[in-house]
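What follows is one structure encoded as structure tokens, with my remarks underneath.
The values are calculated or read from the model by the stated rules, or taken from the named source; none is laboratory data. Note that this is a predicted model, so its numbers are computed, not measured. We place every Cβ from the backbone using ideal geometry, glycine too, and count neighbours over all the protein chains shown. These accessible areas exclude ligands, DNA and RNA; they are computed on the full protein's heavy atoms, side chains included. Shrake-Rupley method; radii C 1.70, N 1.55, O 1.52, S 1.80 Å.
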Amino acid sequence: MSTRPIAIVGSGAIGVAFAVLFARAGRTAEVYDIDDAALDRGRADVDARLRLLADAGLLSEEPPVVAARIGWHTDAAAAARDAELVQECAPERADLKRDVLARFAAVAPQDAVLASSTSAIAPSVLAEGLAPDVAARVVVGHPGNPPYLLPVIEVVPASVTASGTVDRAAAIYRSVGLRPVVLRREIEGFVFNRLQGALLREAYCLVRDGIVDAADVDEVVRSGLGRRWSIIGPFETSDLNVRGGITAHAERMGESYARMGAERGQHDPWTPDLVARVAAERRAALPLEDWDARVRWRDARLMALTPLWDAVH
């Protein structure tokens, strides 16, 4: 593992969460913010989060030992000195984030990856107006929140992003326990928020149309979809729901889902070619002769987690 520090710009919730993530993994995290008051709030937040992790048995060291790997700065150059990665965690404004990236590109090493934590802004927008050599180092590194508990992180390049930048960002994230998903091209909202947004749009519609109230929607997700999705995703869920796998599922349910989409003004049918593409990926991951065993595995995982869910809910 590299010993170079990670520079984190912003000591709000996401910046603090990244500091905890990197420090917990043994990396030095140098946090920058505009004034001492902001840093004081960040320090207090770090201490609180580390105590919770320790109480849950999720720290291998005492909280003060982990916290000692986090530095706090109002000087950008001091925070970025020798940084391998600059993780920008500024408010969700393209102009502000662009300014931050340009400022830290000027004080960080010339090989430092410049990663934005933006939830939706395309990296090409963030790279606009930057010098070509700087723009080539810009990538989105969008985490689940908090990243020290949700290990997925989306790595999103712009067309001007160097392939080496993407590879290095993914490697750095992977080295601290994250599971990077590299998008082939940029799209607003990336994958995480598009999936989340699709569910939220339908949830709002169901409440608007008087079908259920908000608590009912949360109950369906909490006690149904969410339990399965905590161990397998939507494609594997569909694959395991019908004997014959996802091809059989699409044959059985495709028209119904198409009608539901059309009701909301969306026309994105599951075409035979698209189903075949997904089915090929699923069969590469799980041959049909192993389908029964995987269903039993799914049920065993659900059984193992049931006492925890029941205790929480």
Of the residues 134, 152, which single one is within 18 Å of residue 83 (Cβ to Cβ) and either aliphatic (A, V, I, L, M) or out of contact with any strand residue (DSSP E or B) (no Cβ under 9 Å at 6 or more places or on another chain) (or both)?
-> 134
Failed condition for residue 16, given (1) within 21 Å of the chain's Cα centre (by Cα); (2) open to solvent by 30 Å² or more (accessible area, probe 1.4 Å), with all others met?
-> (2)
Which of the residues that make up region 286-311 are closer than 24 Å to residue 199 by Cβ and either touching a helix residue (DSSP H, G or I) at 6+ places or on another chain (Cβ under 9 Å) or of a type in the set (Gly, Ala, Ser) (or both)?
-> 298, 302, 305, 306, 309
Which condition does residue 309 not pass, out of (1) over 22 Å from residue 151 (Cα atoms); (2) modelled with pLDDT under 95; (3) of a type in the set (Phe, Trp, Tyr), if it passes all the others?
-> (1)
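Within region 239-268, work out how many residues are of a type in the set (S, T, N, Q) and over 23 Å from residue 283 (Cβ atoms).
The first filter runs over region 239-268 and keeps only residues of a type in the set (S, T, N, Q), leaving 241, 247, 256, 266.
This time we only want the ones that are over 23 Å from residue 283 (Cβ atoms), so: 256, 266.
Qualifying residue count, region 239-268: 2.
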State which residue pairs qualify: first residue more than 17 Å from residue 97 (Cα to Cα) and inside region 18-35, second residue assigned to a loop (DSSP other than H, G, I, E, B) and aromatic (Phe, Trp, Tyr) in any location, beta carbons under 7 Å apart, and separation of 6 or more residues or different chains.
-> 20/148; 21/148; 24/148
Which of (1) part of a loop (DSSP other than H, G, I, E, B); (2) in contact with a Gly (Cβ under 9 Å, 6 or more places away or on another chain) does residue 26 not meet, given it meets every other one?
-> (2)
Out of 96, 53, 58, sole residue that is open to solvent by less than 30 Å² (accessible area, probe 1.4 Å) and on the phi < 0 side of the Ramachandran plot | 53
Index of the failed condition, residue 50 passing every other in (1) in a helix (DSSP H, G or I); (2) under 19 Å from the mean Cα position of the chain (by Cα); (3) more than 18 Å from residue 169 (Cα to Cα) | (2)
Consider only pairs whose beta carbons are under 8 Å apart and that are at least six residues apart or on different chains; among these, list those whose first residue lies in region 93-106 and is free of Cβ contacts under 8 Å to residues at least 24 places away in the same chain and whose second residue is surrounded by 15 or more Cβ atoms within 10 Å (Cβ to Cβ) and aliphatic (A, V, I, L, M).
-> 96/90
When region 224-274 is checked residue by residue, the ones that are out of contact with any helix residue (DSSP H, G or I) (no Cβ under 8 Å at 6 or more places or on another chain) and among the aromatic types (Phe, Trp, Tyr) are 257
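If you take the residues in region 155-175 that are closer than 23 Å to residue 49 by Cα and of a type outside the set (Gly, Ala, Ser), which one is surrounded by the fewest Cβ atoms within 10 Å (Cβ to Cβ)? Reasoning before the result, please.
Initial filter on region 155-175 (closer than 23 Å to residue 49 by Cα): 172-175.
Add one more test, that the residue is of a type outside the set (Gly, Ala, Ser), and what stays is 172-174.
Details: 172: 24, 173: 26, 174: 13.
Among those residues, the one meeting the criterion is 174.
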Region 207-228 residues that are under 30 Å from residue 294 (Cα atoms), paired with ones that are modelled with pLDDT of 95 or more and surrounded by 13 or more Cβ atoms within 10 Å (Cβ to Cβ) (beta carbon under 7 Å, 6 or more apart) | 217/203; 217/206; 217/207; 227/302; 228/237
Does region 198-212 include one or more residues that are open to solvent by 70 Å² or more (accessible area, probe 1.4 Å), of a type in the set (A, V, I, L, M, F, W, C) and part of a loop (DSSP other than H, G, I, E, B)?
-> yes
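Restricting attention to helices (runs of 4 or more DSSP H) lying wholly within region 215-273, give those where 2 or more residues are surrounded by fewer than 13 Cβ atoms within 10 Å (Cβ to Cβ).
Per the criteria, 245-263.
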